[in-house]
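Peer 1: I'd like to ask you about the structure that follows.
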Amino acid sequence: MSSPSVTDTGILVLTGVPVVPGVAYAPVIRPGRKPVIDLGADSLGEDERPAESARFTAAAATVAERLRERAGRATGAASEVLATTAGLAQDRAWLGAAEKRIAEGAPAVRAVAAAVDQFVGLFTQIGGMMAERVTDLRDIGDRVIAELVGLPEPGVPQPDVPSVLCAEDLAPADTAGLDPSLVVALATTLGGPTSHTAIIARQLGIPCVVAVTGLDDVPVGAKVLVDGTRGTVTVSPDDAAARAEVAEAQRAAATAAGWSGPGATADGHAVAVLANVQDGAAARAARQTPAEGVGLFRTEMCFLNTDTEPTVEEQASIYAEVLEAFAGGKVVIRTLDAGSDKPLKFAGHPDEANPALGVRGIRIATGNPGLLDRQLAGIAAAAQRSGNPPWVMAPMIATADEAKSFAAKVRAHGLMAGVMIEVPAAALLADRILEHVDFLSIGTNDLAQYTMAADRMSADLATLTDPWQPAVLALVAMAVNAGAAVGKPVGVCGEAAADPLLACVLTGFGVTSLSAASAAVQGVGAKLAQVTLQQCRDAAEAVLGTASAADARAAARAVLG
Ligand code: PEP
Ligand code: MG
């Protein structure tokens, strides 16, 4: 979703999705290439087919057996992942698909490749968690093919020195059993937060960034700095600076690991530290952190691969998973923020020249009110089922009238109604919007994009969309003050809340909650616990007096350390 950028000193910084926090600096290694096999076009004679089928069955069984053996030797998630992969290697459906092709005359290698392709297509179409299993299935196919042609099993080389493992994606059998003293970070071009790469990286406790654009071009041996909190991979950084970052991150991680919540400054001023999630699995993962609740549930992320609108019942089940994960805790559900960088096939987006300024977020409800009504019905049903009534907010609100009409719909279901402040117009008129809603949540990602007139997806403009831009912070402060004036909660759920230093500044403005990716929760909470409310307020005042993002950062650092 983002492209590489180059720093002032000409260093290449690749961006991806942060999955496991931490910083590591080491040379790149890559898994061995999978076997390149000529699949040929020959057809087997009738009499050769039974033996070929037996050869295939034996190869698949050998691969499954090896994986089971490794599962037996491994522990925890690694063991589970290997056992699951072994199970997939013996899955009747794909074994049957390959056997059917052999029975029709295809040699085993071609039958395996075709059966894997068939199920990869199916998993990709289903999307979500199934799509993330595609790598596992391809890996099994490669192993079975290697076994059939007598090649060594493909996989990760054992490094001699601590290294960063980079790959397109990593199969469970590659990652399970890695030695974290030798593989000190993972970075992949594909994968999502629930992919096996992510699961294993979490278990190993090594920094991990997935979906990194441009990673494939980084050569083996190049030294990279992987930042699993920011989601960056810096190629050939300045050596001394990189080592200093690692040391600093290790100190911060040691402190963060000891933080168990709840969110408060050193002198006891409470600020709820919450998690941003996109489905039930992410909510359950967030529950393992000290996060006190969910500050942003991005519902559109559940349906990015869905062709038709999910029914009210389907939506209710998905939303209930998140509400149940935080039973008794606060959960803020955002209605569909479809459009721009997150188009939904069923939302009927018009063809627009400039979709970020087009019909996205709440604006879709104007032309398609049923979509919002049905989603609110799904949310209400989930609230009832889980016994945990969520707060419900709308994305991309620009006017008080939009807020008023949205709040009326939400309240008709007996739920708390709020809006996101992502458009400068909404920040400027936050006091008038607050006449209609119960709470605000500031989305600094879009607020920065629209305040600075700079595409948030553009790496070239990343310095403009920096949430430390004083113009953005001035609008944040304005919205927070409007909330404080009427005693209504105002939280921040954009990336600004994931930056420990900036989280303290936001606390100084007076925010009542900070919501960040699970991976960032402990870092934010730990930093907050080290500073007083007065320090936060002093830092807040200092940043508002600056004229650049760099000066704002420096001003905050001077006060907060
Ligand atoms: C934001 O804009 O800051 C936000 C949290 O929403 P999203 O990133 O989903 O657009
Ligand atoms: Mg947004």
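The values are calculated or read from the model by the stated rules, or taken from the named source; none is laboratory data. These figures come from a predicted structure and were not determined experimentally. Note that each Cβ is placed from the backbone with ideal geometry, even for glycine, and that neighbours are counted across all protein chains shown. Side chains are part of the model used for accessible areas, which takes the heavy atoms of the whole protein and leaves out ligands, DNA and RNA. Shrake-Rupley method; radii C 1.70, N 1.55, O 1.52, S 1.80 Å.
Peer 1: Counting only C-alpha contacts under 8 Å and six or more residues apart, can you give the relative contact order of region 46-149 as a whole percent?
Peer 2: Relative contact order here is 31 percent.
Peer 1: If you don't mind, there's one more thing I want to ask. Suppose accessible area is computed on protein heavy atoms with a 1.4 Å probe; arrange H436, H413 from highest to lowest.
Peer 2: I get H413, H436, largest accessible area first.
Peer 1: Working out 0.36 nm times the residue gap between A327 and L428, then minus their Cα-Cα distance, what length gain in nm do you get to one decimal?
Peer 2: 32.8 nm
Peer 1: A further question follows. Where only protein heavy atoms count, and the probe is 1.4 Å, what is the accessible area per residue for the chain in Å²?
Peer 2: Result: 41 Å² of accessible area for each residue.
Peer 1: Then there is this: Taking amide hydrogens as modeled 1.01 Å from N in the peptide plane, which residues meet the under 5 Å criterion relative to L344, leaving out close sequence neighbours?
Peer 2: Excluding prolines and chain starts, which carry no amide H, the hits are G339.
Peer 1: Once the piece of chain linking E541 and N305 is laid out straight, how much longer is it, given 0.36 nm per residue of separation minus the C-alpha distance between them?
Peer 2: That works out to 80.5 nm of additional length.
Peer 1: Would you pull out the residues with amide H under 5 Å of L274's amide H, same chain only if 5 or more places away, H placed 1.01 Å from N?
Peer 2: E292, L514, S515, A516
Peer 1: Same structure again: Could you report the accessible area of E52 in Å², rounded to 10, computed with a 1.4 Å probe on the protein chains as they sit in the structure?
Peer 2: Solvent-accessible area, nearest 10 Å²: 20 Å².
Peer 1: Turning to a different aspect of this structure: Can you work out the FRET efficiency for the pair E314 and R284, with r the C-beta to C-beta distance and R0 = 25 Å, to the nearest 0.05?
Peer 2: Using R0 = 25 Å, I get an efficiency of 0.85.
Peer 1: Could I ask something else about it? Expected output is a single nm value to one decimal: the length gained when fully extending between D38 and E65, i.e. 0.36 nm times separation in residues minus the C-alpha distance. What is it?
Peer 2: Answer, rounded to one decimal: 7.1 nm.
Peer 1: My understanding is that a pair violates if its Cα-Cα distance is over 30 Å; which of K100/K342; K330/K404; K345/K527; K342/K527; K330/K409; K409/K488 do that in this structure?
Peer 2: K100/K342; K345/K527; K342/K527
Peer 1: What number, rounded to the nearest 500 deg cm²/dmol, is the helix-based mean residue ellipticity at 222 nm of the chain, given -39500 (n - 2.57) per DSSP H run of at least four residues and division by all its residues?
Peer 2: One gets -14000 deg cm²/dmol as the mean residue ellipticity at 222 nm.
Peer 1: Also, quick follow-up: Mind listing the long-range amide H neighbours of M416? Cut-off is under 5 Å, sequence gap 5 or more, other chains count too, H placed in the peptide plane at 1.01 Å from N.
Peer 2: For M416, the qualifying residues are V392.
Peer 1: Considering only protein heavy atoms, with the full assembly of protein chains and a 1.4 angstrom probe, order Y319, Y450 by accessible area, largest first.
Peer 2: Accessible-area ranking of Y319, Y450, largest first: Y450, Y319.
Peer 1: In nm, to one decimal, how far is the modelled label at Q534 from the one at S236, with both set 7 Å along Cα→Cβ?
Peer 2: 5.0
Peer 1: Going 7 Å from the Cα of S181 toward and past its Cβ, which residues in region 56-81 have a backbone nitrogen under 19 Å from where you end up?
Peer 2: 74-75
Peer 1: Could I ask something else about it? Starting from the Cα of D91, step 7 Å along the direction of its Cβ; do the same at T366; then give the gap between the two resulting points in nm.
Peer 2: Modelled inter-label distance: 4.5 nm.
Peer 1: For the chain, which whole percent of the accessible surface, found with a 1.4 angstrom probe, sits on carbon and sulfur atoms?
Peer 2: 55
Peer 1: Tell me the label-point distance for the pair A254, E80, using the 7 Å Cα-to-Cβ offset, in nm and rounded to one decimal.
Peer 2: Going by the 7 Å Cα→Cβ label model, 3.1 nm.
Peer 1: Using Cα pairs closer than 8 Å and at least 6 residues apart in sequence, work out the relative contact order for the chain, in percent.
Peer 2: 14 percent.
Peer 1: For M129, what accessible area in Å² do you get when you roll a 1.4 Å probe over the heavy atoms of the protein chains, rounding to the nearest 10?
Peer 2: We get 100 Å² for M129.
Peer 1: First measure r as the distance between the Cβ atoms of I11 and M129, then evaluate 1/(1 + (r/R0)^6) with R0 = 35 Å and state the FRET efficiency to the nearest 0.05.
Peer 2: Efficiency for this residue pair is about 0.45.
Peer 1: Of I29, I397, which has the most accessible area and how do the rest follow, probe 1.4 Å?
Peer 2: Descending order: I29, I397.
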